[in-house]
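The values are calculated or read from the model by the stated rules, or taken from the named source; none is laboratory data. It should be emphasised that the depicted structure is a prediction, and the values quoted were computed from it without experimental measurement. In this analysis, Cβ positions are derived from the backbone assuming ideal geometry, glycine residues included, and neighbour counts consider all displayed protein chains. Just so you know, the surface numbers come from the protein's heavy atoms only, side chains and all, with ligands and any DNA or RNA stripped out. Shrake-Rupley method; radii C 1.70, N 1.55, O 1.52, S 1.80 Å.
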Amino acid sequence: MERSLWASLFLLFSFLVQLNAYGRTPDPDEKMEVSSHQTTCPSSHKLCGTKHSTPEAARKSPQKMEIKSLKTETRFLLYSTENGDSCQIHLHHLDTLDRCSFNSSLPLVIIVHGWSVDGILEKWIWQMATALRSQKSNQVNVIVADWMTLAHQHYAVAVRNTRHVGQEIANFLEWLEEAIQFSRSNVHLIGYSLGAHVSGFAGSYINGTNKIGRITGLDAAGPLFEGTSPTERLSPDDADFVDAIHTFTQEHMGLSVGIKQPVAHYDFYPNGGTFQPGCHFLLMYRHIAQRGFHGITETVKCAHERSVHLFIDSILNEHMQSTGYWCSDMNTFNKGLCLDCKKGRCNTLGYHIRKQRQQKSKKLFLVTQAHVPFKVYHYQFKIQFIKQTEEPIEPTFTMTLIGTKKDTHNLPITLVEEIKGNKTYSLLITLDLDIGELTMINFTWKKTAMWANVWDTFHTIIPWATEPQNPQFMIKQIRVKAGETQKKMKFCSQNMDDVQLYRNQEKTFVRCEEGSKPQNQRLR
């Protein structure tokens with residue numbers, strides 16, 4: 001039911017977006033009325049309306065978008081942690097670099113916001129700026145690229161403006177390079193939603209032989225970008241290293257708020273990327289009560305903006321980094337089949353990612369919590385069942401995991417299919433706490449609701465009866481792989497003389513190696 005209600009919500013949002021943004025498609029020859037200055041590429045220019053096929057082509061091109069002489073619509077605000085204020089750096093005004101205390105010996109991070117409904121810079125921008133500046137061991141300059149005058153438009157107009165803003169950022173970086181020899185390789189662009197594509201255009205339009213150091217796309221915008229070629233959106237060619245986080249790719253009527261296709265060297269899809277835990281449709285009513293019509297966008301923003309907060313979390317909780325694993329899709333990942341870190345098959349989500357260029361985009365999946373800190377610990381459990389009856393068994397179990405640091409109790413385990421025949425089942429288990437090294441497993445086959453009701457009724461009629469204990473299957477072994485440590489373990493029954501599994505009975509499994517008998521361990 002929640003899915004259908006959410007689909008209705010998303011349908012409503014899509015309809016409103018279409019009325020507000022797509023219902024009026026801008027005429028290519030129409031001038032944009034956002035200021036008295038020209039804000040688009042001149043229609044007669046050969047580069048107008050196209051992103052260079054490759055960054056190299058852009059740099060080798062004898063012509064460039066002629067906007068340097070125009071007023072810069074984008075404001076470059078250097079953030080200061082001393083008082084939380086920002087200082088505007090003006091293009092071609094060296095004195096503003098000194099006045100704003102720009103430190104040319106430190107790397108530069110530029111935050112690029114996305115489309116705006118209300119024309120106000122959102123608070124996550126300053127949260128991210130504060131997090132970046134709070135790092136003591138990795139100090140950086142932080143600039144907010146404020147293109148609000150061009151972002152607070154109909155969506156389709158804002159999309160058209162992304163190229164212009166990308167060119168202005170490219171001009172700014174070229175000026176820094178020319179004026180104070182600040183290398184573009186020390187630049188990291190972090191773009192959210194439309195800002196991700198702005199960052200891509202900046203990387204594409206910049207002149208010279210070298211690329212921008214890094215671009216991070218945070219749930220890059222989907223509408224009018226999904227399905228387009230790499231030249232029309234953020235792509236791996238736009239910087240030396242490009243990473244992306246996808247958090248709201250759920251489609252309806254062919255549209256999704258965030259882009260679904262890979263756009264980077266490493267593309268992370270937390271919880272599958274379609275939607276995020278904790279972003280419930282019921283919050284819509286609270287948001288509407290508080291903010292009226294804008295409450296709908298607040299609800300939609302929850303999953304879309306989760307990409308931002310995952311990134312901020314990676315900065316603030318450096319000791320709790322989330323790991324993503326290369327996989328074909330979330331269904332395969334949920335079987336625990338992708339927890340492999342060999343040959344670059346896993347990487348760290350967020351600010352501290354390992355910057356390894358790939359010939360082909362890698363899609364990485366992971367599970368997160370609904371709140372900060374978002375990190376969970378991933379485990380693959382491969383359980384080998386030996387069934388002794390022909391009737392299918394309802395696969396509902398609980399497990400208690402005993403670790404060297406902590407324990408976790410009564411984890412519900414439900415297989416996606418009934419247990420039929422002798423078979424090994426693989427599944428993903430995630431924990432929100434670090435239990436250390438796993439030493440023992442307590443496994444319980446739970447009664448199904450139907451069986452419990454039947455037995456309760458029977459026991460009421462014949463209270464002296466005892467519940468039947470007919471063994472139906474046994475577990476030969478449990479193999480476990482910890483994703484974060486890559487450690488593999490094997491568990492066998494603690495009591496090899498009693499290996500049958502009964503309903504509602506707990507069995508203990510302890511560490512064992514190939515060809516060795518399990519050692520009896522005292523249960524804590």
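Mind jotting down the distance between the C-alpha centroids of region 328-384 and region 173-205, whole Å? Each part reduced to its Cα centre gives a spacing of 29 Å. Ordered from highest to lowest accessible area with the whole protein assembly present and a 1.4 Å probe, Lys423, Lys360, Lys405 read as Lys360, Lys405, Lys423. The listed residues Trp126, Trp147 rank as Trp126, Trp147 when sorted by accessible area, largest first, using a 1.4 Å probe.
Leu415 contributes about 20 Å² of solvent-accessible surface, heavy atoms of the protein only, 1.4 Å probe.
From the protein chains alone at 1.4 Å, what is the descending order of accessible area for Val263, Val499, largest first?
The ordering from most to least exposed comes out as Val499, Val263.
Translational diffusion of region 105-206, estimated by Stokes-Einstein from the Kirkwood radius over alpha carbon pairs at 10 °C in a medium of 1.306 mPa s, is 114 µm² per second. Structure note, pairs Lys363/Lys488; Lys343/Lys481; Lys406/Lys487; Lys405/Lys476; Lys360/Lys488; Lys375/Lys490: Cα-Cα distances above 22 angstrom occur for Lys363/Lys488; Lys405/Lys476; Lys360/Lys488; Lys375/Lys490.
Counting only heavy atoms of the protein chains and using a 1.4 Å probe, Ser322 has close to 10 Å² of accessible surface. Accessible area per residue was computed with a 1.4 Å probe on protein heavy atoms; Lys71 scores about 120 Å². With R₀ fixed at 51 Å, the C-beta to C-beta distance from Asp329 to Glu178 puts the FRET efficiency at about 0.65. In region 77-137, the C-alpha radius of gyration followed by the widest Cα-Cα span (Dmax) gives 12.8, 37 angstrom.
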